[in-house]
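All remarks here apply to the structure that follows.
Derivation of every value follows stated rules applied to the coordinates shown; laboratory data play no part. Quick caveat, the model's predicted, so the values are computed rather than measured. When we count neighbours, we look across all protein chains shown, and the Cβ atoms used for this are built from the backbone with ideal geometry, even at glycine.
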Amino acid sequence: MEHKGTVVIETERLLLRRFTREDARPAFENWTNDGRVTEFLRWQPHGDSAVTERVVGEWTESYRDEKFYHWAIVPKELGEPVGTISAVGIDDGTGTVHIGYCIGSRWWNKGYMSEALNAVISFFFREVKAERVESQHHPDNIGSGRVMEKCGLAFERIVKDGDRSNKGIADACVHALSAERYFASRG
């Protein structure tokens, strides 16, 4: 793969960009303290803004690594981040990128996550030259599965007891898209 690091990606309604330390406040207010957002995730809601400040600081330091892909999802009309999308796993040997994402519950069902995921998928196939993009969700997180399918990731399998979330050990519903299928459908 040809790693580029977290570059700015612009869509019709969104700006996907690197986090800055100034994003800690809106991140805390918009999603990191929201128990609805973290229900199916591995991390607990941040009970204190200092936790978000520390995490955002770690992200900003990590941008020095060209294999670190972590975008703030910023609706252009709002001008501040409402969620995040990132490569949570990279396998250079197979050319696979595993994508994770979350968005504040106030922005659910507005198409923002599908728009962000489509843009990031395109970036990984067209710019980074990935061979496969995958993601997974908790079986009860149907909305996340719909986002994946809307963006062309096909359901592949259920990994029994394959993940851990705030609900405990759970199955993982894996969805994926190959570069070959991506280019055949989109050109």
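So here's what we get for this one:
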{"quantity": "The chain: most fluctuating residue of 149, 12, 39 per GNM, C-alpha cutoff 10 Å", "calculated": "12"}
{"quantity": "Lys, Arg +1 and Asp, Glu -1 on Cβ, resulting dipole of the chain about Cα centre, debye, nearest 20", "calculated": "300 debye"}
{"quantity": "Simple label model, 7 Å out from Cα along Cβ direction - residue 66 to residue 39, nm", "calculated": "4.2 nm"}
{"quantity": "Antiparallel bridges, percent of DSSP beta bridges restricted to the chain (to nearest 5)", "calculated": "90 percent"}
{"quantity": "Taking the C-alpha atoms of the chain, convex hull volume expressed per residue in Å³", "calculated": "111 Å³"}
{"quantity": "Segment residue 183-residue 88, extension gain: residue separation times 0.36 nm, minus the distance between their alpha carbons", "calculated": "31.9 nm"}
{"quantity": "In sequence order, calculated HN-Hα J values of region 129-138 (Karplus, 6.51, -1.76, 1.60; Hz; x Gly/Pro)", "calculated": "6, 5, 9, 8, 10, 9, 7, 8, 8, 5"}
{"quantity": "Directionally averaged shadow of region 96-187, computed from the convex hull of its alpha-carbon atoms, nm²", "calculated": "6.0 nm²"}
{"quantity": "Highest-fluctuation residue, 158, 73, 99 considered, GNM on the chain with Cα pairs under 10 Å", "calculated": "158"}
{"quantity": "For residue 34, distant residues with modelled amide H under 5 Å away", "calculated": "46"}
{"quantity": "Relative contact order for region 7-121, counting Cα pairs under 8 Å that sit 6 or more residues apart, in percent", "calculated": "30 percent"}
